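Novice: Please see the structure below; I have some questions.
The values are calculated or read from the model by the stated rules, or taken from the named source; none is laboratory data. Small disclaimer: the values here were computed from a predicted structure and weren't measured. Because the Cβ atoms are built from the backbone with ideal geometry, glycine has one as well, and the counts that use them run over all protein chains shown.
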Amino acid sequence: MSAVRLLVLGAVRRRGQAHGYQVLADLETWGAHEWARATSGSVYHALKAMTGQGLLLVHDTTPSAAGGPPRMEYEVTETGAQAYFALLRKALTSHDPRLDLLAAAVGLIEDLPRAEALALLRQRVQVMKQWRESITAHLPPDTDLDTWGPVGDVLGLWLHTAETRMEWTNRLIRRLAHGAYRMAGDDQS
């Protein structure tokens with residue numbers, strides 16, 4: 001799963017129609033060029049690839065003011081919207097240790113209804129618990145990881161990652177449950 005793919009679909013979807021420079025500018029505003037490697041090359045590559053896959057529809061617009069070829073604007077297709085929400089849901093529930101995917105999903109979480117986002121995040125906590133248990137299941141009781149050398153430190157890193165991600169996710173669940181963010185389907189009054 002690619003964070004850039006998720007981010008590009010989300011940025012285009014939020015705009016309705018957007019040209020590549022607008023998508024890139026949006027992602028840079030989010031800081032995604034730092035944490036998701038959303039560079040101009042990766043964004044334009046994703047736009048072209050997803051157009052070829054039928055996830056985006058391309059429209060020619062007015063010629064460039066600088067005299068270049070017409071700008072191409074992209075729009076998410078129905079298939080693209082389905083792929084976007086599938087990627088978003090998977091990124092929110094996965095134990096994948098890649099922070100770029102989690103950051104992309106949380107940055108786009110407002111596109112989901114509140115109840116669904118809460119359910120996905122609760123599922124994420126369960127996945128983290130299962131991941132932690134899979135790490136500890138084969139360890140002898142009362143294991144002192146400090147005596148295991150570098151392997152003990154690697155196991156400690158994964159255990160710490162699972163625990164802190166559970167804590168962080170539970171905090172986000174509490175915030176959403178108390179009304180943080182305007183989510184899809186929230187009363188717009």
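Novice: Output the number of residues of segment 113-131 satisfying the condition of being of a type in the set (Lys, Arg) and surrounded by 17 or more Cβ atoms within 10 Å (Cβ to Cβ).
Specialist: Adding up the residues that qualify gives 2.
Novice: Now for a different question. Residue check, Glu167 against (1) at pLDDT below 95; (2) more than 28 Å from Gly52 (Cβ to Cβ), all met but one. Which one?
Specialist: (1)
Novice: When you check Glu110 against the structure, is it of a type in the set (Asp, Glu), surrounded by fewer than 19 Cβ atoms within 10 Å (Cβ to Cβ), part of a helix (DSSP H, G or I) and touching a Lys or Arg at 6+ places or on another chain (Cβ under 8 Å), yes or no?
Specialist: Taking the combined requirement at face value, the residue satisfies it.
Novice: Among the residues in segment 121-141, are any assigned to a helix (DSSP H, G or I), closer than 22 Å to Ala81 by Cβ and assigned by TED's automatic domain parsing to the domain that holds Arg174?
Specialist: Yes.
Novice: Could I ask something else about it? Please give the number of the condition Thr51 fails out of (1) in contact with a Leu (Cβ under 6 Å, 6 or more places away or on another chain); (2) polar (S, T, N, Q); (3) crowded, with 16+ Cβ neighbours inside 10 Å.
Specialist: (1)
Novice: Now a separate question. Using the structure shown, decide if Met166 is within 18 Å of the chain's Cα centre (by Cα) and more than 29 Å from Ala81 (Cβ to Cβ).
Specialist: So Met166 passes the test.
Novice: Now for a separate question. Exactly one condition in (1) farther than 27 Å from Ala91 by Cα; (2) touching a residue at least 12 places away in the same chain (Cβ under 8 Å); (3) touching a helix residue (DSSP H, G or I) at 6+ places or on another chain (Cβ under 6 Å); (4) not basic (Lys, Arg) is false for Leu139; which is it?
Specialist: For Leu139, the failing item is (3).
Novice: For segment 5-48, what are the residues that are small (Gly, Ala, Ser), in a helix (DSSP H, G or I) and surrounded by 15 or more Cβ atoms within 10 Å (Cβ to Cβ)?
Specialist: Result: Gly10, Ala11, Gly20, Ala32, Ser42, Ala46.
Novice: Moving on. Condition check: basic (Lys, Arg), at pLDDT 90 or above and either within 13 Å of the chain's Cα centre (by Cα) or closer than 19 Å to Thr161 by Cβ (or both). Does Arg132 satisfy that?
Specialist: The answer is yes for Arg132.
Novice: Taking the residues in segment 19-71 that are aliphatic (A, V, I, L, M), out of contact with any helix residue (DSSP H, G or I) (no Cβ under 7 Å at 6 or more places or on another chain) and farther than 18 Å from Ala104 by Cβ as candidates, determine which candidate is modelled with the highest pLDDT.
Specialist: Going through the qualifying residues, I end up with Leu57.
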